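The structure appears below as structure tokens.
The values are calculated or read from the model by the stated rules, or taken from the named source; none is laboratory data. This structure is a prediction, so every number in the text was calculated from the model and none was measured. Cβ coordinates were reconstructed from backbone atoms using ideal geometry, including for glycine residues, and neighbour counts include every protein chain displayed. Only protein heavy atoms, including side chains, enter the accessible area calculation; ligands, DNA and RNA are left aside. Shrake-Rupley method; radii C 1.70, N 1.55, O 1.52, S 1.80 Å.
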Amino acid sequence: QVQLVESGGGLVQPGGSLRLSCAASGSILRINVMGWYRQGPGKERELVAGITSGDKTNYADSVKGRFTISRDNGQNTVYLQMTSLKPEDTAVYYCHANFCGRSWSEVYDYWGEGTQVTVSS
């Protein structure tokens, strides 16, 4: 069984910083892509940032220059460093992983339970 465990959310003032972490554990041969999505109040879930096993990254336009995604392949962990936070960044942030399970032909998409990020003065 595979689990994605997120941590690092919380309340921060505008202009502040937070770092989210997501650790994957279980029967994983290789994580292909890990990423962060978010869902704000009354909004649809959207991609924030993603990173491949080759460390290629992509970001939503709204966070470029402010957020940085990175990963530790040895620990199957992905991080999201968020700076210059704005009230519109308030959302539940979800970790996502696309990975090969017990064999290369078994490919799965898993989600974490989400962590709340609130940006408010």
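Each residue in the range 53-83 was checked for being touching a residue at least 60 places away in the same chain (Cβ under 8 Å) and part of a strand (DSSP E or B), and 4 of them qualify.
Residues in the range 45-69 that are at pLDDT 95 or above, at negative phi and open to solvent by 50 Å² or more (accessible area, probe 1.4 Å): ARG45, GLU46, LEU47, LYS56, THR57, ASN58, TYR59, ASP61, SER62, LYS64, THR68. Scanning the range 36-52 for residues being outside any loop (DSSP other than H, G, I, E, B) and among the charged types (D, E, K, R) gives a total of 2. Only residues that are assigned to a loop (DSSP other than H, G, I, E, B) and either among the polar types (S, T, N, Q) or buried (at least 19 other Cβ atoms within 10 Å of the Cβ) (or both) were counted in the range 84-121, giving 8.
Counting only residues that are open to solvent by less than 50 Å² (accessible area, probe 1.4 Å) and polar (S, T, N, Q), which one in the range 13-41 is modelled with the highest pLDDT? Filtering first and then ranking leaves SER21. The single condition from (1) over 16 Å from the mean Cα position of the chain (by Cα); (2) over 20 Å from GLN3 (Cβ atoms); (3) without any contact (Cβ under 8 Å) to a residue 24 or more places away in the chain that GLU88 fails is (3).
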